Amino acid sequence: MSEFNIGLGNNDTQTRKDASSDFVSFWDKQAKNLSWFSTWEKTLDWNPPFAKWFVGGTINASYNALDIHQKNKAEKPAILWEGENGDSRVLTYNDMWKQVQKLANVLKSLGVKKGDRVTIYLPMIPELPISMLACARIGATHTVIFSGFSAAAIKDRIEDSKSKIVITADGGYRRGNVIKLKEVIDDAISDLDFVQNVIVVERTKNKISLSSKDKLWNQLMGNAFDVFPAEKLDSTHPLYILYTSGTTGKPKGVLHGTGGYLTHLHSTFKWAFDIKDSDVFFCTADIGWVTGHSYVVYGPLLHGATEVMYEGAPDFPNASRMWGIIEKYKVTIFYTTPTALRMFMKFGNDLPNSFDLSSLRLLGSVGEPINPEVWRWYFKIIGKEKCPIIDTWWQTETGGMLISALPGLETIPLKPGSGTLPIPGLKISVVDESGNEVPANTKGYLLIKNPWPGMLLTLWGDDKKYHDVYWSKYKNCYYPGDYALKDSDGYFWLLGRADDVLKVSGHRIGTAELESCLVSHNDVAESAVCGIPDEIKGEIIIAFVVLKQNVTKDVSLLEKELSIKIRNDIGAIATTQQIYFVSKLPKTRSGKIMRRLLKAIANNETIGDVSTLEDGAAVSEIQSAFDELK
Ligand code: ATP
Ligand code: MG
């Protein structure tokens, strides 16, 4: 029996039984939980690598997120919004519904039609989900760009999607500063003539220049009519394009459909988060990433849930901001990332312990493997040993979770650092190079063997790349590019990116295993490892370590302790050649460690696409650590 055998009392065994006997009719049944305008003729049209779900059915995402709640939940808060500067707003389901219909009329008056693309470059303010849902209402495909991106990165994405309308704001708050978003957009679209209009929300009231293309949100909305019936769209109608985090290379424009995607989210939101009418849900992800699309916008709204939406940096004005928000809004379900948790841990236990976190009943993690040490801290210090933790593995491409504990469905023992089991309806294996399943407890590649409703339609405008990236390594199976292990209980352990796997003297070692070992040392807050070629061993391992606050120990002593730790916990084979102590690691703007940059620097190679890099200073620091050694 696991020491973490804690659940929420749900024990539905039928769902898994139904799913394993016939996954197509299983999803057919789940889809009926949504409101359709007309039903489908065929549940799944599977023409590998293209899947069409609920063919012939018509549906609208905005209708399912808003209209269906107007009878019983019109006055229920949908969004409890907290600005970084302390502003706050409450929007009920009725407020959201009216605003979305007004904006749909505005967009229509600017010539937006079904099938057009609209780029949204907004901070985390309610106008962001309102814009997405207004697009969905018309059948225009939204493409949200994270509000931290530069003009060049935005230009690439707008050119790729050919959006004729851009929705932005004068500015947004980040760490107390005003980020001048409108200026960035002016720069990005200066020679993109196909962009016809820019709609500007006034959030920070900084001075902006307005051209004839520019329209102020408030002026447009003030005159707009608040009724706009939702378009009846085909189930496969493209809901959005979203570019991936760019952890492994150039971001890919992932295209998602409507009926399948909504079915996947409706189901996983209920199974994973056990959502109840009384819950206050808080996902810290920015809507600029898929977690925000799926579990800030669509998942909670489909269920008529109340959620907290936060505008700024999680550690501003100090590292207890999140705990303050949980206390203030009595958050019951909290969903965040390992990178944020490692940051919070770095500041010790006194901060979270000084807040009332007793409203929490369920915790979640997403984005990277969660180090077992971090999991235990989350469980004990934040969840007070009473909240199950779900470690949810998925990707932009998968639309929603594919591996996660599901406390809303069943109670299973949790294991710190394991994502546990696939969601119902999915066959997932761990395989070798030739696609053969490897024995239990053996490392290999994660492989998804059947289609699922949330899966991407394709990569925007590039069916060939879609095939090549995901479907060419193993026939008719989806290759996520992650390295994993399945233990003898059938639990999955995600070990990092397949590209990042280290090969030392013929042994394959996952980056997650090594990094978790380093992070379990008392003085270490974060770490990243990578390999550099070596004539004898194939590869040698180097590690970058960020220490916790106030560690004063001598680094040569620490280096010795860490080497011994790796030797004891993993084995002599994994001994690091060199450990560098740095103040930060290079990360994507979504918080993921970019090991490919470390590797490129260590190998003296060019570092490739860095449009999603959070902070160039981290790269310079690593570069100088290497230069010093040369
Ligand atoms: P790109 O594909 O452009 O390199 P990315 O893979 O970081 O970027 P996302 O789609 O945001 O873009 O992230 C999905 C990836 O994040 C997964 O493939 C996996 O490597 C990692 N990941 C997400 N959740 C988890 C988790 N719970 N455990 C382990 N890894 C996770
Ligand atoms: Mg990826």
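Every number here is computed from the coordinates shown, using simple stated rules; none is lab data. Bear in mind that the values here come from a model prediction, so they are computed numbers and not experimental data. Cβ sites come from the backbone with ideal geometry, for glycine too, and all protein chains shown count toward neighbours.
Which stretch or stretches of segment 507-542 have amide N atoms under 19 Å from the point lying 7 Å from Glu628's Cα along the Cα→Cβ direction? Residues 524-530, 542 qualify, since their backbone N sits under 19 Å from the label point. Shown is the FRET efficiency for Val55 and Ser620, computed with R0 = 51 Å from the Cβ-Cβ distance and rounded to the nearest 0.05: 0.45. Placing a label point 7 Å from the Cα of Lys17 along the Cα-to-Cβ line, the residues of segment 400-423 whose backbone N sits under 17 Å from it are 409-411.
Compute the orientation-averaged projected area for segment 464-503 from the convex hull of its Cα atoms and round it to one decimal in nm².
3.7
About its Cα centre, the dipole of segment 428-509 is roughly 100 debye, where the only charges are +1 on Lys and Arg Cβ and -1 on Asp and Glu Cβ. One decimal place: the segment Asp554-Val90 gains 162.0 nm when fully extended, by the rule 0.36 nm per residue minus the C-alpha distance.
Here segment 195-326 is assigned +1 on the Cβ of each Lys and Arg and -1 on the Cβ of each Asp and Glu. Its dipole about the Cα centre then comes out at about 440 debye. Annotation: for a label point projected 7 angstrom from Cα along Cα→Cβ of Ala151, residues of segment 176-207 with backbone N closer than 13 Å are 180-192. DSSP assigns beta bridges within the chain; of those with both partners inside it, close to 55 percent run antiparallel.
Under Stokes-Einstein, with the Kirkwood radius over Cα pairs as Rh, the value for segment 6-124 at 10 °C and 1.306 mPa s is 87 µm²/s.
Within the set of other residues whose C-beta is less than 11 Å from the C-beta of Ser418, count the net charge using Lys and Arg as +1 and Asp and Glu as -1.
Around Ser418, the surrounding residues sum to -1.
Averaging 1/r over every pair of different alpha carbons in segment 123-254 and inverting the result gives a Kirkwood radius of 15.9 Å. The simple Förster model, with R0 at 30 Å and r as the Cβ-Cβ distance, assigns Asn522 and Ala440 a FRET efficiency of 0.40. Charge tally around Thr336: other residues with Cβ under 14 Å, Lys/Arg +1 each, Asp/Glu -1 each, net -2. In segment 125-195, taking the dipole from charged Cβ atoms about the Cα centre, the farthest positive-side position among Ile165, Val184, Phe146 is held by Phe146.
Ranked highest first by the average count of other Cβ atoms within 10 Å around their residues, in what order do 428-440, 511-523 fall?
Numbers: 428-440: 14.4, 511-523: 20.9.
Going by the mean number of other Cβ atoms within 10 Å, highest first, we get 511-523, 428-440.
Centre-to-centre, using Cα atoms only, segment 234-306 and segment 397-458 are separated by 18 Å. Stokes-Einstein diffusion for segment 392-436 at 20 °C, viscosity 1.002 mPa s, with a Kirkwood radius from C-alpha pairs, works out to 179 µm²/s.
So for segment 206-335, averaging the separation of alpha carbon pairs under 8 Å that are six or more residues apart and normalising by length, what relative contact order in percent results? Could the numbers behind the result be given before it?
Working: 128 pairs, mean separation 25.8, N = 130.
Once divided by the residue count of segment 206-335, the mean separation gives 20 percent.
Counting only Cα atoms, segment 537-612 measures 37, 36, 20 Å along its principal axes, largest extent leading. Around the Cα centre of the chain, unit charges on the Cβ atoms of Lys, Arg, Asp and Glu (plus for the first two, minus for the last two) sum to a dipole of about 960 debye. As a rough guide to protection, the peptides 10-17, 236-243, 67-74, 543-550 ranked by mean Cβ packing within 10 Å, highest first, stand as 236-243, 543-550, 67-74, 10-17.
Rounded to whole Å, give me the distance from the Cα center of segment 580-613 to that of segment 59-90. The distance from the Cα centre of segment 580-613 to that of segment 59-90 comes to 38 Å.
Using 0.36 nm per residue of separation minus the Cα-Cα distance, give me the extension gain between Ile570 and Glu327 in nm, one decimal. Don't skip to the answer; put the middle values down first.
On the way: separation 243, 0.36 × 243 = 87.48 nm, distance 3.98 nm.
Result for the pair: 83.5 nm of gain on full extension.
Summing +1 for each Lys or Arg and -1 for each Asp or Glu among the other residues whose beta-carbon sits under 13 angstrom from that of Ala153 gives -2. If the chain linking Asn476 and Asp193 were pulled fully straight, counting 0.36 nm for each residue of separation and taking away their Cα-Cα distance, it would gain 97.8 nm. Of the GluC sites (Glu not before Pro) in segment 345-401, the ones in a loop by DSSP (not H, G, I, E or B) with at most 13 other beta carbons within 10 Å are Glu385. Of the trypsin sites (Lys or Arg not before Pro) found in segment 260-361, those in coil by DSSP whose Cβ has at most 16 other Cβ atoms within 10 Å are Lys276, Lys330. The label point for Glu75 and the one for Lys503, both projected 7 Å from the Cα toward the Cβ, are 6.6 nm apart.
Of the residues Ile370, Leu341, Ile120, the one whose Cα sits farthest toward the positive end of the charge dipole of the chain, with +1 on the Cβ of Lys and Arg and -1 on the Cβ of Asp and Glu, is Ile120.
Taking only alpha carbon atoms, the chain gives an Rg to Rh ratio of 0.95, where Rh is the Kirkwood radius.
Remark: segment 317-333, residue by residue, has Karplus-estimated 3J(HN,Hα) of x, 8, 6, 9, 3, 5, 5, x, 5, 4, 5, 4, 9, 6, 4, 9, 10 Hz, where x stands for each Gly or Pro and the curve is 6.51 cos²θ - 1.76 cosθ + 1.60 at θ = phi - 60°. Among the trypsin sites (Lys or Arg not before Pro) in segment 414-506, those located in a DSSP loop and surrounded by at most 10 other Cβ atoms within 10 Å of their own Cβ are Lys475.
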